[in-house]
Amino acid sequence: MRLRIRDLAHARPRFGYQRIWVLLRREGWGINRKRVRRLYRLDGLQLRMRVHRRKHMALHRGPAPVPVGPHERWSMDFVHDSLADGRPFRILTVVDNWSRSSPVLEAGLRMTGEGVSQVLDRVLGDGPRPRSITVDHGTEFQSRALKDWAYRRGVQLDFIRPGKPVENAFIESFNGRLRDECVNVHQFASLTEAQAILEVWRCDYNQQRPHSSLGDLTPDEFVGQRQVNRNAKEALCSGSELSPNGTNVRATSCTFRNVDPMSFLMGKLLDRSIP
C-alpha cells in the first residue's frame with residue numbers, strides 16, 4: 001500500500017492525499033481516507049501550498065531512494081575559497097553517494113556550465129555513468145550547456161528544493177570535510193598549487209581515510225569488498241570453484257544455499273592453503 005501511494009505521488013507530482021485516495025479507490029483498494037493521509041504524511045509526500053513556478057523540479061517527492069551500488073547517484077556542488085593574493089576561486093566537488101568516493105575535485109577562477117560538463121566528460125570517459133546527479137539551483141547547474149550534456153549522456157539532474165541543502169546531505173558532509181581537513185589548513189599561492197594539493201587530498205580521501213559510515217573502511221576498500229561479495233554470491237549460485245583473488249575458475253556440480261558469501265570464500269582460501 002505504501003509503495004503504491006508513493007508511486008502515485010511520483011507519477012502525479014501535484015496531487016494531494018485526497019486525490020490519491022480517490023485513485024486508490026478506483027483501483028479497488030478498500031482503504032480509509034484517514035489511513036491514506038497518515039501513510040502519505042509518514043513518507044513525507046506533503047505538497048507545498050504555494051509553489052513558485054520553476055523549470056527544474058526534483059525527481060523525487062519525500063526522501064530520495066538510497067543508492068544500492070556504485071555509479072547510481074552522484075552529488076555535485078561548489079566550495080568557495082581565495083588565493084593568497086585575494087583572488088576568489090571555486091572548487092567543483094563531486095561524490096558518489098553509495099561509496100562516498102570522490103571522482104574529481106576541480107579548482108577554477110571561473111566555472112561555467114560548459115566547464116562543469118567538460119570536467120564530467122573527462123572523469124567519465126567511456127566508463128559507466130551515474131543514473132542521476134543531485135545538485136542545487138546554482139546558475140551553472142541550471143545552464144543549457146549542462147542540460148545538453150546530461151541529455152547526451154543519459155544522466156538525470158536531480159534538483160533539490162531551494163533553501164533545502166539537507167536534501168543534498170552527502171555533498172554537504174563531504175564539503176565540510178574538505179574545508180576542515182584541506183582548504184582551511186592551506187594557503188594557496190596559485191591555482192596550480194591549489195589543484196595539486198586538492199588532488200593529493202582526494203587520493204588520500206579515497207584510498208587511506210577511514211569512514212565511519214562505511215564501517216571504518218576507505219571508499220576504495222568498500223568497493224573492493226562489494227566485488228568480492230558479488231563474486232562469492234555468483235559462485236554460490238553457480239557452484240563454481242574460486243581462485244584466491246575471488247574469481248571463478250572451474251564449475252562444479254555442487255550447489256550451496258543459505259551460506260554467508262564471505263565465510264564460503266574464506267573456507268575456499270583455507271582449503272587451498274592446506275597441503
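The values are calculated or read from the model by the stated rules, or taken from the named source; none is laboratory data. Keep in mind it's a predicted model, so treat the numbers as computed, not measured. Glycine also receives a Cβ, built like all others from the backbone with ideal geometry; neighbour counts cover every protein chain displayed. Areas reflect the complete protein model, heavy atoms only, side chains present, ligands, DNA and RNA absent. Shrake-Rupley method; radii C 1.70, N 1.55, O 1.52, S 1.80 Å.
Go through (1) assigned to a helix (DSSP H, G or I); (2) at pLDDT 80 or above; (3) surrounded by fewer than 15 Cβ atoms within 10 Å (Cβ to Cβ) one by one and return the number of the condition Arg37 breaks.
(3)
Are any residues in the stretch 190-204 of a type in the set (D, E, K, R) and open to solvent by less than 40 Å² (accessible area, probe 1.4 Å), and if so, which ones? Even if it seems obvious, please write down each step before you answer.
Of the residues in the stretch 190-204, the ones of a type in the set (D, E, K, R) are 193, 199, 202, 204.
Listed by number, the list holds a single entry, Arg202.
Among the candidates Gln187, Gln207, which residue alone is farther than 16 Å from Arg90 by Cα and surrounded by fewer than 16 Cβ atoms within 10 Å (Cβ to Cβ)?
On the way: Gln187 fails: farther than 16 Å from Arg90 by Cα.
Selected residue: Gln207, the only one of Gln187, Gln207 that is farther than 16 Å from Arg90 by Cα and surrounded by fewer than 16 Cβ atoms within 10 Å (Cβ to Cβ).
Taking the residues in the stretch 116-128 that are open to solvent by 20 Å² or more (accessible area, probe 1.4 Å) and part of a helix (DSSP H, G or I) as candidates, determine which candidate is nearest to Glu140 (Cα to Cα).
Applying the filter and picking the extreme gives Gln118.
Residue under question is Trp98, and the condition is that it be without any contact (Cβ under 8 Å) to a residue 40 or more places away in the chain and in contact with a Ser or Thr (Cβ under 8 Å, 6 or more places away or on another chain); does it hold?
no
Taking helices (runs of 4 or more DSSP H) that fall entirely within the stretch 132-221, which contain at least 3 residues that are within 26 Å of Asp85 (Cα to Cα) and modelled with pLDDT of 90 or more? Outline the logic, then answer.
On the way: elements: 144-153, 169-181, 191-207.
Counting at least 3 such residues, we get 169-181, 191-207.
Among the residues of the stretch 161-183, is there at least one that is farther than 18 Å from Trp74 by Cβ and among the aliphatic types (A, V, I, L, M)?
Checked the stretch 161-183: at least one residue is farther than 18 Å from Trp74 by Cβ and among the aliphatic types (A, V, I, L, M).
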